[in-house]
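These notes concern the structure reproduced below.
The values are calculated or read from the model by the stated rules, or taken from the named source; none is laboratory data. The structure presented is a predicted model; accordingly, all values stated were derived computationally and were not measured. Cβ placement follows ideal geometry from the backbone for every residue including glycine, while neighbour counts extend to all protein chains displayed.
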Amino acid sequence: MCLFVILAFAIKSVVLEMSAPATMTVSSRDQEVGMNMTSFSIAVRTEDDIVYYSDFINSQWGIYKVSLEGFYAGEKGECILYNTEADNLAYANGQLFYRNTPGSRTYLCRMDLNTGKTETIKKNPTSHYYASDTCLLFSMDSAISTSFSLLSLDGKYETSLYDGAFSEPTVYKGTIYFINELGHLCALRSGTNGEVISSIVHNKFIICDDVIYFVGVNGAGIYSLPLDDQNEQKKITDDTSYGFVVYEDNLYYLNSNDNDSLYKININTGEKELFDRRSFTAINLIGKCLYLCEGESGHVRIVLD
């Protein structure tokens, strides 16, 4: 028991102080970009420029492997795990972590990429999670998530980090950010149970280059707020949106005022343009590509460079 307690505290201190890992499911220009764990994810980039992604091909789900260059070119990869409906892929320490989602179950699993061996490490339903080279951060799946937990990569040691309802969990530069039950933006740091850092960020948000981008009340407007100055709130657009990403100097967002079409707005100048007329349901950024969900086409890839 003493050994378990010591290990639990050791793991907890590691995740709260760690830097952003070299690989992450949702990445952009560098290793300091925030990762929103509630966004849909379709791929993982490793340090060897290999991408693993889940897809439905020939009436069968599977996990596929392809080079990063091939991934950008839309090439079909090599299937490394057949008959597995998976999402939320993440890479850490030579292992691929994913949620196996047959039916209504959402089991947390891992695959050893050297041996191909697979293992279920959490059988109770798991929701969004974040993988580093030492541990996994995850939350329990429910209508209102009620706790953060930390799990060692082998699944043997688990400890609770936060108790209470929350939403929009995001990891940025080794700190966990989330919206608490009162609708306030909190940071989970060592020795706290969620330090409130903003009372004006209430729901959907992302963090990029030390700036918080968030939607206003009821989704009206998109705003920016520096992490280190809570008095410098700036409205970027009046449009309503629940999905957006930042790439270089531009914010790409699904405009709810225009049938969820894809819009682009320059963060510095405010210049706005319609980018894609189709109606999308989700938006994600992986490397230099936008990945979106669209009713007729499924996943849509848009290269930004």
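If you scan region 195-253, which residues turn out to be part of a strand (DSSP E or B), surrounded by fewer than 16 Cβ atoms within 10 Å (Cβ to Cβ) and either in contact with a helix residue (DSSP H, G or I) (Cβ under 6 Å, 6 or more places away or on another chain) or among the hydrophobic types (A, V, I, L, M, F, W, C) (or both)?
Initial filter on region 195-253 (part of a strand (DSSP E or B)): 195-198, 205-208, 211-215, 220-226, 234-240, 244-247, 250-253.
Okay, now just the ones that are also surrounded by fewer than 16 Cβ atoms within 10 Å (Cβ to Cβ), so 195-196, 220, 226, 234-235, 238.
The answer is VAL196, ALA220.
Of these, THR159, THR146, THR170, which one is of a type in the set (S, T, N, Q), touching a Gly at 6+ places or on another chain (Cβ under 9 Å), assigned to a strand (DSSP E or B) and touching a residue at least 60 places away in the same chain (Cβ under 8 Å)?
Numbers: THR159 fails: touching a Gly at 6+ places or on another chain (Cβ under 9 Å); THR146 fails: touching a residue at least 60 places away in the same chain (Cβ under 8 Å).
THR170 is the lone residue from the list that is of a type in the set (S, T, N, Q), touching a Gly at 6+ places or on another chain (Cβ under 9 Å), assigned to a strand (DSSP E or B) and touching a residue at least 60 places away in the same chain (Cβ under 8 Å).
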Based on what the data block shows, is GLY155 modelled with pLDDT of 80 or more, surrounded by fewer than 15 Cβ atoms within 10 Å (Cβ to Cβ) and not charged (D, E, K, R)? no
Identify, please: which residue in region 56-79 is farther than 16 Å from THR101 by Cα and among the aliphatic types (A, V, I, L, M) and is, among those, surrounded by the most Cβ atoms within 10 Å (Cβ to Cβ)? VAL66
Exactly one of these conditions fails for THR269: (1) in a loop (DSSP other than H, G, I, E, B); (2) in contact with a helix residue (DSSP H, G or I) (Cβ under 8 Å, 6 or more places away or on another chain). Give me its number. (2)
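Give me the residue from region 182-194 that is at pLDDT 85 or above and over 22 Å from LYS235 (Cβ atoms) and, out of that set, surrounded by the most Cβ atoms within 10 Å (Cβ to Cβ).
Step one: filter region 182-194 for residues at pLDDT 85 or above, giving 182-187.
Within this subset, residues satisfying the condition of being over 22 Å from LYS235 (Cβ atoms) are 182, 186-187.
Values: LEU182: 11, CYS186: 22, ALA187: 16.
Per the stated criteria, the residue is CYS186.
Among the residues of region 256-305, count how many are charged (D, E, K, R), surrounded by fewer than 16 Cβ atoms within 10 Å (Cβ to Cβ) and more than 23 Å from the chain's Cα centre (by Cα).
Narrowing region 256-305 to residues charged (D, E, K, R): 258, 260, 264, 271-273, 276-278, 288, 294, 296, 301, 305.
Pick out the ones that are also surrounded by fewer than 16 Cβ atoms within 10 Å (Cβ to Cβ) and you get 258, 271, 273, 277-278, 288, 296, 301, 305.
Still in the list and also more than 23 Å from the chain's Cα centre (by Cα): 258, 271, 273, 277-278, 296.
Final tally of qualifying residues: 6.
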Evaluation of ASP229 against (1) of a type in the set (Asp, Glu); (2) within 30 Å of VAL300 (Cβ to Cβ); (3) out of contact with any Gly (no Cβ under 9 Å at 6 or more places or on another chain) (one fails), failing number: (2)
Exactly one of (1) at pLDDT 85 or above; (2) touching a helix residue (DSSP H, G or I) at 6+ places or on another chain (Cβ under 9 Å) is unmet by ILE179. Its number? (2)
Might you check whether a residue that is free of Cβ contacts under 8 Å to residues at least 12 places away in the same chain and at positive phi occurs anywhere in region 191-199? yes
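State whether one or more residues within region 264-282 are under 26 Å from CYS186 (Cβ atoms) and among the β-branched types (Val, Ile, Thr).
Yes, region 264-282 contains a residue that is under 26 Å from CYS186 (Cβ atoms) and among the β-branched types (Val, Ile, Thr).
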